[in-house]
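**Q** Got a structure for you, questions after.
The values are calculated or read from the model by the stated rules, or taken from the named source; none is laboratory data. These numbers come from a predicted model, not from an experiment. A quick note on method: Cβ atoms are made from the backbone with ideal geometry, for glycine too, and the neighbour counts reach across all protein chains shown. When the accessible area is computed, the model is the full protein with side chains, heavy atoms only, and any ligands, DNA or RNA have been set aside. Shrake-Rupley method; radii C 1.70, N 1.55, O 1.52, S 1.80 Å.
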Amino acid sequence: MKRSNGWESILRSAGCRDALAQIAALRKKVECVYPSETDVFRAFDDCSFKKVRVVILGQDPYPDEGQAIGRAFAVSTKKVPRSLKNIFKEVLHDYPRGLEPEPTLESWAKQGVFLLNTTLTVEDGRRNSHAKMIGWKDAVTIPTLKKLSDERKHLVFMLWGRPAKWFEHILDQRRHLVLKASHPSPQSEARGADHFRECGHFRKANNYLSMHGIKPIIWTTEP
């Protein structure tokens, strides 16, 4: 794992070490904790602090075997979860001439899309099981978002779902673009005033980046 890419103050903090110790103890007691130990900080390994251009903030990892890989919403399996299918629909709604990206979302991560969950781990079959049990929020999520908000300029933050929207108050909207929508899951994508369906976040993000002289993200795969 790369630990010299600008995230050291967070990932080597006492709070983060405590959270990891809790997870290590849990892995000995429960059947499965996702993602694997080597993938817990994959989003951080993907993007150095200075490389981040867009932050997509989700909820917690997929709780089913073989799905969570340490990037919010991404999977390494051929079977695409319904939330990710809805994300791809919105990408193609904004950029209809392209093709869906790979479900791993590696192409996004390589371009500086920071795919972070508000909670970094979950137990098998128990969605949100670590949201309150493990101190990820205070140890990692808040410090990470605050560091990005305070020390960078002209980032795009996409907050999807109620848990993600809670962090809006941490972000300086005078320095960054903050986009909010419901979670892309089928249960919530079309609910509320800020529903995910046809939210236009991908094109809005690129318009903002371009306006500030920053290279936009290629969200699709070339046909």
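**Q** Check whether at least one residue in region 135-148 is in contact with a helix residue (DSSP H, G or I) (Cβ under 8 Å, 6 or more places away or on another chain), of a type in the set (Gly, Ala, Ser), crowded, with 20+ Cβ neighbours inside 10 Å and without any contact (Cβ under 8 Å) to a residue 40 or more places away in the chain, and report yes or no.
**A** Narrowing region 135-148 to residues in contact with a helix residue (DSSP H, G or I) (Cβ under 8 Å, 6 or more places away or on another chain): 135-136, 138-147.
The next check asks that each one be of a type in the set (Gly, Ala, Ser); those that pass are 135, 139.
Cutting the leftovers down to crowded, with 20+ Cβ neighbours inside 10 Å gives us 139.
Within this subset, residues satisfying the condition of being without any contact (Cβ under 8 Å) to a residue 40 or more places away in the chain are none.
Checked against the condition, which is being in contact with a helix residue (DSSP H, G or I) (Cβ under 8 Å, 6 or more places away or on another chain), of a type in the set (Gly, Ala, Ser), crowded, with 20+ Cβ neighbours inside 10 Å and without any contact (Cβ under 8 Å) to a residue 40 or more places away in the chain, region 135-148 yields no hits at all.
**Q** Can you find a residue in region 167-177 that is open to solvent by 40 Å² or more (accessible area, probe 1.4 Å) and part of a helix (DSSP H, G or I)?
**A** Checked against the condition, which is being open to solvent by 40 Å² or more (accessible area, probe 1.4 Å) and part of a helix (DSSP H, G or I), region 167-177 yields at least one hit.
**Q** Among (1) in a loop (DSSP other than H, G, I, E, B); (2) open to solvent by 10 Å² or more (accessible area, probe 1.4 Å); (3) touching a residue at least 60 places away in the same chain (Cβ under 8 Å), where does LYS153 come up short?
**A** (3)
**Q** Restricting to region 178-192, and then to whatever is open to solvent by less than 30 Å² (accessible area, probe 1.4 Å) and of a type in the set (Gly, Ala, Ser), can you tell me which residue is modelled with the lowest pLDDT?
**A** Quick first cut of region 178-192, residues open to solvent by less than 30 Å² (accessible area, probe 1.4 Å) only: 178-179, 181-182, 184-185, 188-189.
Now narrow it down to the ones that are of a type in the set (Gly, Ala, Ser): 181-182, 185, 188.
Details: ALA181: 95, SER182: 93, SER185: 87, SER188: 62.
Per the criteria, the residue is SER188.
**Q** Could you list, in sequence order, all residues of region 40-58 that are surrounded by 18 or more Cβ atoms within 10 Å (Cβ to Cβ) and over 17 Å from THR141 (Cβ atoms)? Let's see the steps before the verdict.
**A** Filtering region 40-58 for residues surrounded by 18 or more Cβ atoms within 10 Å (Cβ to Cβ) gives 40-47, 49, 52-58.
Answer for region 40-58, where residues must be surrounded by 18 or more Cβ atoms within 10 Å (Cβ to Cβ) and over 17 Å from THR141 (Cβ atoms): just ARG53.
**Q** I'd like the full set of residues that are in a loop (DSSP other than H, G, I, E, B), among the small types (Gly, Ala, Ser) and open to solvent by less than 50 Å² (accessible area, probe 1.4 Å), limited to region 59-93. Full working, then the answer.
**A** Residues of region 59-93 that are in a loop (DSSP other than H, G, I, E, B), as a first pass: 59-81.
Now drop any that are not among the small types (Gly, Ala, Ser), which leaves 66, 68, 70, 72, 74, 76.
Scanning region 59-93 gives GLY66, ALA68, GLY70, ALA72, ALA74.
**Q** Condition first: modelled with pLDDT under 95 and either in contact with a helix residue (DSSP H, G or I) (Cβ under 6 Å, 6 or more places away or on another chain) or in a loop (DSSP other than H, G, I, E, B) (or both). Now tell me which residues in region 200-223 satisfy that. Even if it seems obvious, please write down each step before you answer.
**A** If we filter region 200-223 for residues that are modelled with pLDDT under 95, which is where we start, we get 221-223.
Within region 200-223, GLU222, PRO223 meet the criteria.
**Q** Quick check on ARG3: is it in contact with a Leu (Cβ under 9 Å, 6 or more places away or on another chain), at negative phi, of a type in the set (Lys, Arg) and at pLDDT below 95? Walk me through it before giving the result.
**A** On the way: in contact with a Leu (Cβ under 9 Å, 6 or more places away or on another chain): yes; at negative phi: yes; of a type in the set (Lys, Arg): yes; at pLDDT below 95: yes.
Spelling it out, ARG3 is indeed in contact with a Leu (Cβ under 9 Å, 6 or more places away or on another chain), at negative phi, of a type in the set (Lys, Arg) and at pLDDT below 95.
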